[in-house]
Amino acid sequence: MVRRKSAALALLSFAMLIVSLDQYIVVVALPEIGRELGYSAQTLQSVISAYGIASSGFLLFGGRAADLLGRRRVLMTGLALYAVASLAGGLATGPAWQLTARAIQGLAGALVFPSTLAIINTTFAEGRDRNRALGIWGGSGAAGLVIGVLLGGALTRLFGWEAVFLVNVPLAGTALVLAVPLLDPGPPRDTKRSFDLPGALTATGAVMLLVLTLVQGPAFGWTSPWIVLTAVTGLVLLAAFIGVERRSPDPLVPPNLMGNRVLRLALMIAFLFMATFGSLLYFLSIYFQDVRGYDPLETGFAFLLPTAVVVAGSTVAGQAVTRFGLRRTLMFALIVGAGGAIALGLGMSAGGSYVALVPGLVGVSLGDGAVFTMMFIAAATGVPDRKQGVASGMVSTSSGIGAVVGLALLVLVANAHTSGLEGKELQAASADGIRTTIFVIAAGIALTLLLATKLHEPATVGQVGPLKPVGEEDQGEGVGPGVRFS
């Protein structure tokens, strides 16, 4: 039994690694993709945002589907979509084809991500076992964000940009083949519960259109007809979703689930995490290539150090939560992360050395890995098994929106004073813009720290839980003696 659980955890962590690395594996390859496929400077970022928008829109759908249709079944569907979409992306001959493939990859991620999390949360008991499992799973996810940049650089240099897509075909295929023998099929489908298709469709449409508005607003202009149309339509769908949920006998987001205050905090932390820590990787890659002049392979090697630290931070986070409590560990990780971001910004310059970045890279990467794991520990706290999928979808949706919105806004900060510049002037202005952006990220991490202070624990902090689940009849807080809010 223990061996089977360990094998299942290894597979789920591997699947999470695939989803996570795919968010940024294309970053280093973007210049080459833009040249060969004819992207403009304004549209190149859409290679990243197409994935993020689709993923954000469908994550809640994926989490609900995992609860109702079977977690293993939804996971395998997502892995199959990954393989097909990645093959299409690698064979693309133009932007439209490739962006469609990226959107389908985002849909696949929206099925895989909450499914892996829900399977872990229903396989391992809340407390020490689950914290350890989420530490390993979170280590894979947090590392994947960094490994994506590292692997993308190596693949682009050795095989061309196509490889950053095609590498997913054998990875997803292997996970798909192993899913049947290693994962339990789960309980039989609950035919008494409905899927709430109107809620799923309105929620997906609202999230996708509102995120699209925030991402494309700066490029098109906030008063352009296209942006106004997407914003208004998104708000209408959001209102429709709220109305549907109030009338649904089995709503997509159960109202009593939102009574779990720890989950609500986790949603906010997940948003800010991806808007800050998650966006940092993009700017580091741009700094190494456009300011320091690294080629894709050198850029990949530059991420070796943060990759190792992220894995270490995420892996030990689960054990630290068990020993010291969620609030203490989370606050410590955020303090270290914010300090690391400040040190990183101070070490950046057009002519600086990599050594000057090392203290900041270590601090911010340690915080990155640890917080990634802990926000999912918080999201699973006090949630019953039959709702782990939708809870996972909720926190995944929040993190996905944070990634897209955070990157779109921070790009504006980084490029604020680079228009019309060339050569050395552009290089210096880019360095200044990225340094300013890093300081803004540090401020965002500090804001996350303020949120974390709202989580209070009693004097005994041996471990989080076991907590009182939010059941069907429980309309209360969904938080037991292990964690409370002031």
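The values are calculated or read from the model by the stated rules, or taken from the named source; none is laboratory data. Predicted model only: the values in this text are computed from it and were never measured. A quick note on method: Cβ atoms are made from the backbone with ideal geometry, for glycine too, and the neighbour counts reach across all protein chains shown. With ligands, DNA and RNA removed, areas are computed over all heavy atoms of the protein, side chains included. Shrake-Rupley method; radii C 1.70, N 1.55, O 1.52, S 1.80 Å.
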Worksheet entry | Exclusive hit being assigned to a helix (DSSP H, G or I), touching a Lys or Arg at 6+ places or on another chain (Cβ under 7 Å), among the aliphatic types (A, V, I, L, M) and surrounded by 17 or more Cβ atoms within 10 Å (Cβ to Cβ), set 237, 257, 252, 263 | 257
Worksheet item: From the residues in the stretch 289-304 that are farther than 15 Å from residue 151 by Cβ and not charged (D, E, K, R), which one is least open to solvent (accessible area, probe 1.4 Å)?
Response: 291
Practice prompt. Go over the candidates 286, 335 one by one and state the one that is under 30 Å from residue 381 (Cα atoms), open to solvent by 10 Å² or more (accessible area, probe 1.4 Å) and in a helix (DSSP H, G or I).
Written response: 335
Worksheet item: What is the number of the single condition among (1) closer than 30 Å to residue 362 by Cβ; (2) of a type in the set (Lys, Arg); (3) open to solvent by less than 10 Å² (accessible area, probe 1.4 Å) that residue 130 does not meet?
Response: (3)
Practice prompt. Answer with yes or no whether residue 448 is polar (S, T, N, Q), open to solvent by less than 20 Å² (accessible area, probe 1.4 Å), at pLDDT 80 or above and out of contact with any His (no Cβ under 9 Å at 6 or more places or on another chain).
Written response: yes
Worksheet item: If you check 84, 74, which single one turns out to be surrounded by 22 or more Cβ atoms within 10 Å (Cβ to Cβ) and part of a helix (DSSP H, G or I)?
Response: 74
Discussion item. Given the criteria within 26 Å of the chain's Cα centre (by Cα) and surrounded by fewer than 23 Cβ atoms within 10 Å (Cβ to Cβ), does residue 280 qualify?
Written reply: no
Worksheet item: Here are some conditions: (1) part of a helix (DSSP H, G or I); (2) farther than 14 Å from residue 445 by Cβ. Residue 367 meets all but one. Which one does it not meet?
Response: (2)
Worksheet item: Taking residue 346, is it crowded, with 20+ Cβ neighbours inside 10 Å, aliphatic (A, V, I, L, M) and outside any loop (DSSP other than H, G, I, E, B)?
Response: no
Response to the item:
Of the candidates 410, 357, the one satisfying the condition of being without any contact (Cβ under 8 Å) to a residue 40 or more places away in the chain and either in a helix (DSSP H, G or I) or buried (at least 22 other Cβ atoms within 10 Å of the Cβ) (or both) is 357
Worksheet entry | Condition broken by residue 3, with the remaining ones in (1) at pLDDT 85 or above; (2) more than 23 Å from residue 409 (Cβ to Cβ); (3) open to solvent by 10 Å² or more (accessible area, probe 1.4 Å) satisfied | (1)
Worksheet item: Of (1) part of a helix (DSSP H, G or I); (2) over 26 Å from residue 130 (Cα atoms), residue 351 satisfies all except one. Which?
Response: (1)
Practice prompt. Take residue 55 and decide whether it is open to solvent by 10 Å² or more (accessible area, probe 1.4 Å), part of a helix (DSSP H, G or I) and either within 30 Å of residue 309 (Cβ to Cβ) or touching a Cys at 6+ places or on another chain (Cβ under 7 Å) (or both).
Written response: yes
Worksheet item: Does residue 382 count as closer than 30 Å to residue 128 by Cβ, assigned to a loop (DSSP other than H, G, I, E, B) and modelled with pLDDT under 80?
Response: yes
Worksheet item: Applying the selection to the stretch 211-233, what residues are among the hydrophobic types (A, V, I, L, M, F, W, C) and open to solvent by less than 50 Å² (accessible area, probe 1.4 Å)?
Response: 211, 212, 215, 227, 231
Item to complete: Check whether at least one residue in the stretch 312-330 is open to solvent by less than 20 Å² (accessible area, probe 1.4 Å), assigned to a helix (DSSP H, G or I) and farther than 22 Å from residue 261 by Cβ, and report yes or no.
Response: yes
Worksheet item: Of the residues that make up the stretch 212-226, is at least one among the hydroxyl-bearing types (Ser, Thr, Tyr) and over 30 Å from residue 21 (Cα atoms)?
Response: yes
